[in-house]
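A.B. asks: First the structure, which I've put down as C-alpha cells, then a few questions once you've had a look.
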Amino acid sequence: MHGRTPLQILAGAPPPLPHTRTHMHRHALPRLSHPLSGLMIHWRSLSLSRLCSRGFRALISVLPSDVSACAHSERKRRAAHVIRVHTDMLGASRLVRQASLFHGTSLPRKYISLGGWCGPALMLGKLGLRTEAYPFDFSRVTLDGLIHFIRNGFAEGFYPPGPPPYRPECVGPWVLFRGQHTAFAHFDLNDPQVQAHFQVKMRRFDAVLDSPERPVTFFRTVTARYPQEELALALDLEEAMARRNPSLDFRIVFMVHDQGLRANAVQLAPLSPRVTLWTLQYRGLPGDTLFDRTHTAYHTVLVHSVLEKNWPAVNVGVATPPPASTTSAEAWDFGSEAVCCDGVTRTVDIPFTDLTMKRFPWRSHNNLALIDGVASVGGTCAGIGSTKMLEDASATLRVEGQVRRKCRYCGDATYHAAGRPFRTERPFTDEEDQLVLIHLYTILTGGDKVAAVEKLAHAMKRGTYEVICRIQYLTNSSTKLMDSMDPAHPSDK
C-alpha cells in the first residue's frame, strides 16, 4: 500500500514511490454524481515510470527535488504579484502585467472596486491604485445586493445559502460558489482561511465607510441585463453611503459595457456632483479575454477619474463632449454633434443631447448578468433584483426552515442551479496530460486547487468538470481534490 492518509496529505508528506508500473490510456471520462465529490488523488499512479512513459522525462528533469523549498519560493512569488493570479484565471492577459502608472505615488484618495466583475479591481491593480483588498474586488455582486450590504452588513446573503460546507458548481471554465447576491470563483469558500480573509476585507470596507482615513472613489461596473434598471438605483447607492456616514467624502463612477459606440469610453451626463456615468466599448476579438477587450476603456475612465481637475467641472444632467482636438474624428462627429456608432451592434449615431441616463438608447445584453449561460448570482438571472426574490406560495418545501423563494424574472426556485456541466467530449492529448500533471505538482506543493483547475480549463478551452474528471482518471482517485485547498491569494493580504 503506497497511498497516504488524509492527515499525511494535509501535513505535506511527500508521496512514496510505488513499486508497480502501470500505463495510461485515454478512456472515456467517468460519469460522477457530482463533479467534485468523486475527485480523488491516488499517489500510486504518480510513479516516475508512469510519468516518464509518455514524454514526461523533460517535466521530471525540471521539477525541484526539495518540495518544501519550492513551496516556499512559490508563496514568495505569489506575495509579490497582487493581481497576477486573477489575471491568469481570466485567460492569461498580457496587458495587465504592464508597469503600474501610479505605483508609489501619494494620492489624496483611496480607489476601491464595488465589483460587478473583476475588471475594475484588475485595472486598479494594474495602475498601482489598488493597495488593499476589499470584499467585492473579484466577486460578482448585484447593485441592490451591494446596497443591502451597506445598509445591513454582510451577515445575510453574502455567502451561498445554508450552512457550510457550501456546494460549488462547475460552470464552463469556472468553479463557482453562488450566493443570493454574489458569486465567487478562483478560491474555495469552504476553507476557513478564505473565510477569515473575507472577514478582514469586510472589516476594512466597513472602516472605509465609517471611519475613513482619506476620501474615496468607488468604481462600479453595471451587471444588469437592462442597464437602465441598475442605473435607476445609482442614486440609492449614493444615498445609502451618505446616510451611513454623512461626513464621508466619496465619489462613484458607473461603467456600462458594450453600447455600440466607436469611442473607447464616453462620459454621459453626471448623475450627481459625485456620481459619474460612462459607456465602455469592446475591442479585439470575441475570443480575447473580457479584460483585454475592455482594457483600453477601463484605462481611460480610471485615469480620467483620478485627476482632480476633472471633478469640479461636473455639471449634473448635462453631457460635456471632450474637446474636438483631443478626440478621433471617427468616434465623434462634431459637425452633427453626435457620437458615432460602431456600425455593428449599433447603426445609428447618438446625438450629444441624448448622452444622459434617461435619454440614452441603452443596449441590453447578458455579458455580465450570466456566466457561460448560467445566472451569475443565485437570486436573479437578470444581473439585478436579487433582493426582490418572490415567495413561492405554491411550494411546500422549505429551505433552512424558510419559505422557498424564486427569481422575480424567470420564476426559478433553485437559485438557478447550473445543471449538467459543460463538456467538449474531445479526447485529451498527450500535451494536455503533461499540462495537467504540471499543475498537479503545483497543487501538491501548496498551490490553489480551484485556481489550478480554472487555469487548466482556460488553457485547454475545456470545462472545469472535464478537467476534474481527467485529473481523477490520471491519478486513479482516492483523495478529494477539494479537501485541502490552499486559499493563499496575494489579493487577500
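A.B. asks: So for region 301-317 (the condition being within 21 Å of Gln228 (Cβ to Cβ), surrounded by 19 or more Cβ atoms within 10 Å (Cβ to Cβ) and modelled with pLDDT of 95 or more), does at least one residue qualify?
C.D. replies: Yes, that holds for at least one residue.
A.B. asks: Give the residues of region 202-217 that are surrounded by 17 or more Cβ atoms within 10 Å (Cβ to Cβ) and more than 23 Å from Glu156 (Cα to Cα), sorted by residue number.
C.D. replies: Listed by number, the residues that qualify are Val216, Thr217.
A.B. asks: Being surrounded by fewer than 21 Cβ atoms within 10 Å (Cβ to Cβ) and either outside any loop (DSSP other than H, G, I, E, B) or at pLDDT 95 or above (or both) is the requirement here; does Thr353 meet it? Explain how you work it out, then say what you get.
C.D. replies: Values: surrounded by fewer than 21 Cβ atoms within 10 Å (Cβ to Cβ): yes; either outside any loop (DSSP other than H, G, I, E, B) or at pLDDT 95 or above (or both): yes.
Taking the combined requirement at face value, the residue satisfies it.
A.B. asks: Follow-up question, since we're still on this one. Just for region 110-140: of the residues that are part of a loop (DSSP other than H, G, I, E, B) and among the aliphatic types (A, V, I, L, M), which one is surrounded by the most Cβ atoms within 10 Å (Cβ to Cβ)? So that I can check it myself, show each step before the final result.
C.D. replies: So in region 110-140, the residues part of a loop (DSSP other than H, G, I, E, B) come out as 114-118, 127-138.
Going one step further and asking which of them are among the aliphatic types (A, V, I, L, M), we end up with 114, 127, 129, 133.
Details: Leu114: 23, Leu127: 21, Leu129: 25, Ala133: 23.
The extreme case among them is Leu129.
A.B. asks: Within region 473-490, does at least one residue satisfy the condition of being at pLDDT 70 or above and either surrounded by 22 or more Cβ atoms within 10 Å (Cβ to Cβ) or in contact with a Gly (Cβ under 7 Å, 6 or more places away or on another chain) (or both)?
C.D. replies: no
A.B. asks: Filter region 218-258 for residues that are among the aromatic types (Phe, Trp, Tyr) and either within 20 Å of Thr296 (Cβ to Cβ) or surrounded by 21 or more Cβ atoms within 10 Å (Cβ to Cβ) (or both) and give the result. Show your work before the answer.
C.D. replies: Let us first name the residues in region 218-258 that are among the aromatic types (Phe, Trp, Tyr), namely 218-219, 226, 250, 254.
Selection gives Phe218, Phe219, Phe254.
A.B. asks: Then there is this: So which residues in region 261-285 are in contact with an Asp or Glu (Cβ under 6 Å, 6 or more places away or on another chain), buried (at least 20 other Cβ atoms within 10 Å of the Cβ) and part of a loop (DSSP other than H, G, I, E, B)?
C.D. replies: Listed by number, the list holds a single entry, Tyr282.
A.B. asks: Check whether at least one residue in region 167-186 is over 29 Å from Thr294 (Cα atoms) and modelled with pLDDT under 95, and report yes or no. Don't jump to the end; show me each part of the working.
C.D. replies: Start the filter on region 167-186 by keeping residues that are over 29 Å from Thr294 (Cα atoms), which leaves 167.
Next, only the ones that are modelled with pLDDT under 95 stay: 167.
The answer is yes, given that some residue of region 167-186 is over 29 Å from Thr294 (Cα atoms) and modelled with pLDDT under 95.
A.B. asks: What about Leu143, is it buried (at least 21 other Cβ atoms within 10 Å of the Cβ) and within 30 Å of Gly419 (Cβ to Cβ)?
C.D. replies: It is true that Leu143 is buried (at least 21 other Cβ atoms within 10 Å of the Cβ) and within 30 Å of Gly419 (Cβ to Cβ).
A.B. asks: Would you confirm, using the coordinates I've provided, whether Arg178 is more than 27 Å from Ala382 (Cα to Cα) and either in the same structural domain as Arg462 (by the TED database) or of a type in the set (Lys, Arg) (or both)?
C.D. replies: Judged against the criteria, Arg178 is not a match.
A.B. asks: Among the residues of region 320-342, write down those that are touching a residue at least 60 places away in the same chain (Cβ under 8 Å) and part of a loop (DSSP other than H, G, I, E, B).
C.D. replies: Answer for region 320-342, where residues must be touching a residue at least 60 places away in the same chain (Cβ under 8 Å) and part of a loop (DSSP other than H, G, I, E, B): Thr327, Ser328, Glu330, Ala331, Cys340, Asp342.
The values are calculated or read from the model by the stated rules, or taken from the named source; none is laboratory data. This structure is a prediction, so every number in the text was calculated from the model and none was measured. Backbone-built Cβ (ideal geometry, glycine too); neighbour counts: all protein chains shown.
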